[in-house]
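What follows draws every value from the coordinates through simple rules; no lab data is involved. It should be emphasised that the depicted structure is a prediction, and the values quoted were computed from it without experimental measurement. Heads up, the Cβs are rebuilt from the backbone with ideal geometry, glycines too, and the neighbour counts pull from every protein chain shown.
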Amino acid sequence: MLISSMIVKTRPGKAETVLTQLQKIPRVTTYGVHRGNNIIVVAEIHDIKQLENLTAFIMESIDDVLSVSPTYINFEDEIQE
């Protein structure tokens, strides 16, 4: 499982609308709007390719998103016993 935090930057005045859309995405948790137009997001996904796909999905399908910037990525393999 891969855990990534990201900052989603929006057009001024559009953060609340974007926040509502982000909250509908499975395996994505939002932590509010900061400094006017930055939304803190944490995603739990399977691999780096899914992170790329999620970032592209947010950029392409949600109006008023200016950027999606991963700020932290942690990937741990499960140990099989």
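If you take every residue apart from Q50 with its C-beta less than 11 Å away from the C-beta of Q50, what net charge results, scoring Lys and Arg +1 and Asp and Glu -1? It would help to have the intermediate numbers written out before the result.
On the way: positive: R27, K49; negative: E44, D47, E52.
Taking every Cβ under 11 Å from that of Q50, the sum is -1.
Can you spot the lysines whose alpha carbon is less than 21 Å from K49's alpha carbon? Ignore those fewer than 8 places along the same chain. Qualifying lysines at Cα under 21 Å: K24. Helical content alone sets the calculated 222 nm signal of the chain at -8000 deg cm²/dmol, taking -39,500 (n - 2.57) per DSSP H segment of four or more residues and averaging over every residue.
The long axis of helix 48-61 is offset from the longest Cα principal axis of the chain by roughly 20 degrees.
In debye, nearest 20: dipole of the chain around its Cα centre with unit charges on the Cβ of K, R (+) and D, E (-)? Please list the in-between numbers first.
Values: 7 positive and 11 negative charges, 118 e Å.
Using Cβ point charges on Lys, Arg, Asp and Glu, the chain gives about 560 debye.
State log₁₀ I(q)/I(0) for the chain at q = 0.11, 0.19 Å⁻¹ as given by the Debye formula over alpha-carbon point scatterers of equal weight, solvent excluded. For the chain, the Cα-only Debye profile gives -0.28, -0.74.
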